[in-house]
Each structure stands twice: as structure tokens, then as C-alpha cells.
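The structure appears right after this line, and notes come after that.
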Amino acid sequence: MNNKQYQTPLFTKLREHANLNPIQFHIPGHKKGQGMDPEYRDFIGLNALSIDLINIAPLDDLHHPQGIIQEAQQLAAEAFGADHTFFSIQGTSGAIMTMVMSVVGPGDKIIVPRNVHKSVLSAIILAGALPIFVHPEMDKTLGIAHGITASQVEKALALHPEAKAVLVINPTYYGVAGNLKEIVDLVHRHGIPVLVDEAHGVLTHFHDRLPLSAMDAGADMAATSVHKLGGSLTQSSVLNVREGLVNPARVQSIISMLTTTSTSYILLASLDAARRYLAVNGEAIIEETLRLADYARRQINEIAGLRCVGREWLGSDALYDLDETKLLIHLENLTINGNEAENWLRENYQIEVELSDLHNLLCLITPGDTQETIDQLLNALKDMSDRFYQDKCHSPVEIRLPEIPRLVLSPREAFYSETESILLKEAAGRVIAEFIMIYPPGIPILAPGEEITEENIYYIEEHLQAGLPVQGPEDPTMRKIRVIK
């Protein structure tokens, strides 16, 4: 490791600047906290407010970095194994939108998994691109979606050889990774870039027991969420870029278009410090995180009615590797569902989980955990099992998906078209103008610009009758949906 990784050029310079205690005649107007609500000031603290600054000359400019921000980004690139790293204060969503808009324009095709984050579809709408959807592999036992495989990508490329890029999620929200290296090598043989939504994979580069990181797999761009698991503040992320198939100058211009000119130095400094934390201590802290997760997983699997997914689940191209810091807890034999379990843990133990669906809870074990926090979780789960366990109370989950509908209009055209609201049951043959998502598995059944089929309508109505959450449309009752006039 380069000794420079112990430095934090941006954070250090901010502290030095604050210590000079300059007289400020510039924004922000609170001027180190003096001009704001006193209760808020006292709670946040003067240290934080003293570095809530803007791009004055000594502090560089995120839009044209030439000084301390450039140095901090270069150190981050070295830490993540990238050629260039761009700091994002628009969250990972901003980084994902930058990736997509850097490689596709109006009418260009991009191959994406059907279970992409909404920021991918927002970027496709803004770019005027055409999504070519690939269904992820479904897990019928857990009722969730995993990743896509190289063979699926190969089929999509054969059908759409003019595609300009392929986007992959690695790992998924639930911590499951496909064979990313195989996908990258395949796509590169077609001469186009691979973009990776690495929102849930910031730690992967820093420990060998975690799935392969996007940069280590040879991907061209990765939106990597540092705030989710890597110790920076909420809304701060990085975009890692490899040169060759992607133009870094274009990436800089696109990220600038999507970024406020009032860039938060508190967020930027937290990225600089988090990079040092991961580069210097990453392996050791992740080793301890994995130890705690291993302990938690073993203990949960002893609790009646619960099953915590481990490496025994792996074995296909879509389930190639696992980030074991993610505890995916399947409620096998409880008389309550996942959503009810989340509420019960909140009300009885003040425990907040990351996510729940009908059949699962997701708990994240991070470098912020201790033996004490794990034991508190285990104690709560044991109590929940004592109250709600009932042998063989659940029939197996049966998750199936209808065929991906035909794309009639680009999502952008659909978004800007004149629309009307009609009854769902009469919508077959019409073109939808909004999203319809069903949880689980959290995949769009219909996306703007797609033709509605009788099969789609039947599938949606079936899920509504079963009490499954259906989201997206303006009409929360789902009686009516918005279609192109």
C-alpha cells in the first residue's frame, strides 16, 4: 500500500482552513453556525459547521478539480484499483445516472437486468435510450431475484448486436453475486463497456472473502456506494472508471451536469476519510465484520422457524458468490410475514432492519457492529421465534414472472407523451406511461413505453388478491392506470 493512503488531503486542508477562523463574506449564510437556529447548531456541533464551506479558491472545486479534491480523488482511484475516481454528492443514484448517460444517447440500446434501481431507468429516460431487459434468476424458495448470467447477456447481445453497453448489479441488495469476470470478458469481446451498479459492494475490493469487485473484474465503470457500508456520510458515493472504452473527460462533464454547484464539503471530506479508513484498515475491520456475521448466521440457523442464507445457497452462474456480511433471514415457519416481523422488532426491541418483504428480513452487519449489537439482534429474534413459531405454517413461495412486455415507445417518449387514466382490466393492448412493481421480487411488471398484455393484467390482479404490495401507479387502489392517449 502506498504510504500516501494514510493522508487525507481534502479533510486535512478543511480542518486547517477552519482553524484559521477566517472572516467569511460568502455563503453559506449561517457563517460557521452563528446565523442559524441555536438548538440545531448546538446539536450538530461547531466542528461540523466550521467545515460546511463552498468552493472558495483554497478548497478547490468539484466541477474542475485541480487541487485538494483532485488529490483526494486520485488517492481514491488508487485505493479502489481504478484509473479515475469521481466523488459524487448526489448519492450512488447520481453516479449511476452519470455512468449510463456517459455511454448512451438518443436511440442507443443498453442491456440491463429487469431488477435495476430506478436511477438506471431515470437515466435511460433522460438519455432517450432504449433498455433491453434481461430477467434475473428467480429464487423460488426465498421469493427474491438474484443476478443475470453471462449466457443471458450473450443471448441479448446476439439479438441486439448494436447495443452500446451492458449494466450489471454486483452484488445484489441481498449480497448475491454472479460471475462478473465472465460477463466482463464476454462483453469486452464485443468491444463495449460494462457498467456495474456496486451500490451494495463498497467493501468487496478490500477483502478476499467477499465477491470480486467491479474494478478487479475489469469492468469499465462502477457506481460504488461508500455511505451504505464504507463509513462516509449519507448521500456520498464514488464513481470508479477504467480507461479504454470510456472517456473520463465525458464522465466529468456528465457528472457536472447532474451535480449541484453548491457542493457539500462535509460530504466530500467524509469520502476522503472513509477512503483512508478502508485503504489502511479495510482488511482487518472487514475480517472482524465477517467474524461477527459468521457468528450471527450460525446462531440464527439454530432458531426455530428462521433460516439465514449462507454459502450452501451458491452453485449456479447467478449465485456464484456471496457477501456474507448481509444476513438474509428467511421466515420459514412463523405465523407473521416479513413486514410484520420488521414492525414487531421495532416496537418491542427498537431494532431497525434494512429491508423486509413478505418472506424475508435483511440485516446488514458492518464495521459499525460489535458483539453487543449482534447479541441484541439474536435475543430479539429468539423472542420473536418463541412467540410466532409454528411448525409447517408456510407453504413454499411460488414466484414466477410474466414475459417481458414489448417496448413500443422509448421510455423517454412515453414519459413525455399525453396520457389518460383507464381501468386496469380494460388496458390490454395499450401502452403504459408509468411503472408497476410487485414486491417480492421488486421487479417492474410494466415500465413506461411497454405494451400491456392480458397476462400482465391477470398477474397483477392475482397478486393484489393475494395481498402482495403493488407499487408505482398514481392510483394506489390499482383500479386505474395511466396509459398513452
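The values are calculated or read from the model by the stated rules, or taken from the named source; none is laboratory data. The structure presented is a predicted model; accordingly, all values stated were derived computationally and were not measured. No Cβ is skipped: glycine too gets one built from the backbone with ideal geometry, and neighbour counts run over all protein chains shown. When the accessible area is computed, the model is the full protein with side chains, heavy atoms only, and any ligands, DNA or RNA have been set aside. Shrake-Rupley method; radii C 1.70, N 1.55, O 1.52, S 1.80 Å.
At-a-glance table
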quantity: Relative contact order of region 199-322, defined on C-alpha pairs under 8 angstrom at six or more residues apart (%); calculated: 23 percent
quantity: Relative packing of peptides 16-22, 358-364, 133-139 - highest average C-beta neighbours within 10 Å first; calculated: 358-364, 133-139, 16-22
quantity: Antiparallel DSSP beta bridges within the chain, as percent of all bridges there, nearest 5; calculated: 70 percent
quantity: Label-to-label distance, nm, for residues given as His30 and Thr370 (7 Å Cα→Cβ offset); calculated: 2.9 nm
quantity: Partner lysines for Lys425 [C-alpha distance under 23 Å; skip if fewer than 8 residues away on the same chain]; calculated: Lys480, Lys485
quantity: Extreme residue, positive dipole direction of region 5-106, given options Thr85, Met101, His26 (C-beta unit charges); calculated: His26
quantity: For region 40-165, alpha-carbon Rg over 2.2 N^0.38 Å; calculated: 1.45
quantity: Total charge dipole magnitude, region 265-406, about the Cα centre, Cβ charges on Lys, Arg, Asp, Glu only, Debye to nearest 20; calculated: 160 debye
quantity: Backbone N within region 301-328 under 14 Å of label point (7 Å from Glu288 Cα along the Cβ vector); calculated: none
quantity: Length released on extending from Asp108 to Leu468, taking residue separation times 0.36 nm less the Cα-Cα span; calculated: 126.1 nm
quantity: Over region 197-257, relative contact order from alpha-carbon pairs under 8 Å, at least 6 apart, %; calculated: 29 percent
quantity: Contact order normalised by residue count of the chain, Cα under 8 Å, 6+ apart, percent; calculated: 15 percent
quantity: In nm, spacing of pseudo-spin labels at Asn281 and Asn247 (7 Å Cα→C-beta vector); calculated: 4.2 nm
quantity: Per residue solvent-accessible surface (Å²) - region 192-316, probe of 1.4 Å; calculated: 36 Å²
quantity: Between region 305-369 and region 142-203, the alpha-carbon center distance in angstrom; calculated: 24 Å
quantity: Top positive-direction residue, dipole computed over region 397-484 with Cβ charges, set Gly472, Ser410, Ala428; calculated: Gly472
quantity: Sorted peptide list for 411-417, 156-162, criterion being average Cβ within 10 angstrom, highest first; calculated: 411-417, 156-162
quantity: Electrostatic dipole magnitude of region 1-135 [Cβ: Lys, Arg +1; Asp, Glu -1; Cα centre; debye, to 20]; calculated: 260 debye
quantity: Kirkwood-Stokes translational diffusion coefficient of region 217-358, alpha-carbon pairs, 4 °C, 1.567 mPa s, µm²/s; calculated: 69 µm²/s
quantity: Protein accessible area in the chain, 1.4 Å probe - carbon and sulfur %; calculated: 49 percent
quantity: Sites Tyr295 and Asn337 - FRET efficiency at Förster radius 25 Å, r taken between beta-carbons, to 0.05; calculated: 0.40
quantity: Virtual spin-label span in nm between Lys181 and Leu314, 7 Å along Cα→Cβ; calculated: 1.2 nm
